[in-house]
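One structure is given here, and the rest of the page talks about it.
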Amino acid sequence: MRRSRDRVVDKKRRSGNKRNSRAPEPRRNHPRDVSTGAAAPQAPSREVKKLLEGIGTPPAETFRPDPFQLEALAALEFEDVLVTAPTGSGKTWIAREEIHRLLKLGKRAWYTTPLKALTNSKYQEFSDEFGRESVGILTGDRKENSNAPLIVGTTEIYRNQLFNALRGGETVAADLVVMDEAHYLADEDRGHVWEEAIILTPPRIRLLLLSATIGNAGEFASWIAEVRGVRCGVVTRPGARPVPLRAAFLLPDKRLLPLRNENGKLNSEIAGLIEQDKRERGRGRWGKGKTR
């Protein structure tokens, strides 16, 4: 019995060695740099070259304001202004020019945004433009140079200052309030903040509202004029977005693919990855080898 058992064990060992000695299947990863272990760079495809063509710093040219920018500046002399223009068309330039004019006259301004990250970005931009001593920032996390003639802050902080001034019988130290991304008034959760800020801003303070996505600008401006008792003009930039968007997909292996092909349809390789992800999620949900 012992010899028979030894023969069975020896047979299992030999069959196991055969399995272990089988050559591994070739990996399908991309070629790797031997020195660093990183994926070797691949030449971009024709589609990627076309996607990236023309991207970069444009040649320097003399700046010439668009007619809608000059129209908005002229209107601000007499009324509140709602500017609707595509992203990248120069809405912030209008605010900067008006702020320049006010600061030269010894007046004050607020620039509000809905996001802390955007507020921090505008604070840095305006500090470079007007000098750090002339710009302060007020958010839930930062309070710097709060007595500066130009304050950059979230719309919630500006709204809170209006409430505090109302309770204390004081006046808000501002001659212009810029509300960037004014379409947030339509936000289900936070829109009341913009509504309250607009209603509570004293009529003596000029409002400049900037947005790229307001579809009913005339109706919005009429409501502002009704609740504030100050005419609100609408300035619109016609035409498409001046800086077109280009959509791409970065794969885990660091290859870049255009999101859509030349026919405007979803890139076939990306579509395949989406289907593969769906199948893997389905197997993970129902268990391998199981059915509903």
Under the condition of being part of a helix (DSSP H, G or I) and among the hydrophobic types (A, V, I, L, M, F, W, C), which residue from the range 245-271 is nearest to S89 (Cα to Cα)? I270
Does the range 103-115 contain any residue that is closer than 29 Å to E219 by Cβ and part of a helix (DSSP H, G or I)? no
How many residues are in a loop (DSSP other than H, G, I, E, B) and surrounded by 13 or more Cβ atoms within 10 Å (Cβ to Cβ) if we restrict to the range 206-221? 2
Taking A117 as the residue in question, decide whether it is modelled with pLDDT of 95 or more and assigned by TED's automatic domain parsing to the domain that holds I214. no
Being of a type outside the set (A, V, I, L, M), outside any loop (DSSP other than H, G, I, E, B) and in contact with a strand residue (DSSP E or B) (Cβ under 7 Å, 6 or more places away or on another chain) is the filter here; which residues of the range 129-151 pass it? F130, S134, G136, E144
Return the only residue of E226, E195 being under 28 Å from T87 (Cβ atoms), at pLDDT 85 or above and in a helix (DSSP H, G or I). E195
Over the range 44-84, the set of residues under 20 Å from A221 (Cα atoms) and not in a helix (DSSP H, G or I) is E77, F78, E79, D80, V81, L82, V83, T84
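The values are calculated or read from the model by the stated rules, or taken from the named source; none is laboratory data. Just so we're clear, the structure is a prediction, and the values are computed from it rather than from any experiment. Using ideal geometry, Cβ is built from the backbone for each residue, glycine included, and neighbour counts are taken over all protein chains shown.
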